[in-house]
Amino acid sequence: MSWQKRFSDIIEEQRPLAPLTTYKVGGVAKTFLRPRSANELAELYAALTQAEAPFRILGGGANVLIEDGEHTRPFIYLDQMKTVTHDDEGHFEVEAGYPFLKLVNETVREGWAGLEGLAGIPGQMGGICTMNAGGRWGEVKDVIRWVEVATPEGRLVRLEPGACGFAYRRSLLPGLVARVGLKLERSADPAATRSRLASFLKAKGSSQPLKIPSAGCCFANPEGMSVGRMVEELGLKGERRGDAAISDIHGNFIVNLGQARFDDVLALMELVESSVKTAHGIDLRREVEIWRR
Ligand code: EPU
């Protein structure tokens, strides 16, 4: 049986992708798959691997720039995998599709400490883990106990953090994240934890353009340097291509002022890359993934 037939009850056709991304840019997925459990994700992965069908896994759409037009590769979307459980000791088990912003807010509100430093980071648990998301106040790897990945053979394998290859804004995982085990602590002073969360959000809100669609920082910071500062010093802030602009607030953000197209955003990314290369001799590493058709 073809994988299309086998997974027909979780397939949608012609699904618009832009609304599922924080950039609000991108075309449509010809085939869009929504697995309902870790097991189904693993089965799907094995079936696509067997059929030699390259695919994409969308996550929360927070770190991708998707080309306009029709994408023929199947897209996997995990919005039906959002179970969270925890015990009294703060051992949380979070499915890959759970919205991370929500998890941070809920755990802090319920008196748990450990995620407040990751305030305001969009995306789903799986992508957050794969990117080792974080910033000035911590990285998600600091609270990860294990990661359960679906392998191309269709198994679910639980990995210790040491086997995940976590580094600055990346990991080396041998499969697709299905579920993540976190260790949070009962906050000794829940009100203080809540106000730490609020102060991090405030600091971010004053230095980053959070109210306008973007994919956050486009580039990883080279060791000891800030891309935002370099872009500012090069006079590139405010630079525009169509409705895409290099943010006036933070130079490492390219924002969508309305109807920005894939090509507009990419042109600005390339402008930053070539300008930084000329001025500093540095090849920037893209944090945002570019997905062509
Ligand atoms: N700066 C400028 N001009 C700018 C931007 C920044 O002069 O346009 C200066 C700031 O004044 C600051 C320094 O550069 O002194 C560093 O900037 P900032 O503190 O804003 O942090 P960042 O290093 O640019 C990092 C992460 C962010 C994360 C923040 C806060 C990277 C590439 N960026 O930004 O992550 O939100 O710390 O934790 O690691 C993301 O990954 O998408 C992202 C936004």
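The values are calculated or read from the model by the stated rules, or taken from the named source; none is laboratory data. Computed from a prediction, not measured in an experiment: that's the story for all the values here. Please note: Cβ atoms are built from the backbone with ideal geometry, for glycine as well, and neighbour counts cover all protein chains shown. SASA here: full protein model, heavy atoms, side chains in, ligands and nucleic acids out. Shrake-Rupley method; radii C 1.70, N 1.55, O 1.52, S 1.80 Å.
Structure above, values below:
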item	result
Residue within region 264-282 that is out of contact with any Ser or Thr (no Cβ under 9 Å at 6 or more places or on another chain), closer than 30 Å to residue 29 by Cα and among the basic types (Lys, Arg) present	no
Residues located in region 76-86, provided they are open to solvent by less than 10 Å² (accessible area, probe 1.4 Å) and either out of contact with any helix residue (DSSP H, G or I) (no Cβ under 9 Å at 6 or more places or on another chain) or more than 29 Å from residue 252 (Cα to Cα) (or both)	81
Positions within region 250-293 being among the polar types (S, T, N, Q), out of contact with any helix residue (DSSP H, G or I) (no Cβ under 6 Å at 6 or more places or on another chain) and surrounded by 13 or more Cβ atoms within 10 Å (Cβ to Cβ), in sequence order	256, 275
Counted residues, region 47-66 - those being closer than 23 Å to residue 121 by Cα, open to solvent by less than 30 Å² (accessible area, probe 1.4 Å) and outside any strand (DSSP E or B)	5
Selection count where residues are part of a loop (DSSP other than H, G, I, E, B) and within 6 Å of the ligand (Cβ to nearest atom), scope region 213-248	3
Residue in region 116-134 that is surrounded by fewer than 20 Cβ atoms within 10 Å (Cβ to Cβ), under 13 Å from the mean Cα position of the chain (by Cα) and outside any loop (DSSP other than H, G, I, E, B) present	yes
Selection from region 135-169 of residues that are open to solvent by 30 Å² or more (accessible area, probe 1.4 Å), of a type outside the set (A, V, I, L, M) and closer than 20 Å to residue 114 by Cα	135, 136, 137, 139, 141, 142, 145, 160, 161, 162, 166, 168
Test: residue in region 106-114 that is surrounded by 17 or more Cβ atoms within 10 Å (Cβ to Cβ) and part of a strand (DSSP E or B)	yes
Matching entry among 216, 238, 251, 242 (being closer than 27 Å to residue 29 by Cβ, of a type outside the set (Ser, Thr, Tyr) and without any contact (Cβ under 8 Å) to a residue 40 or more places away in the chain)	242
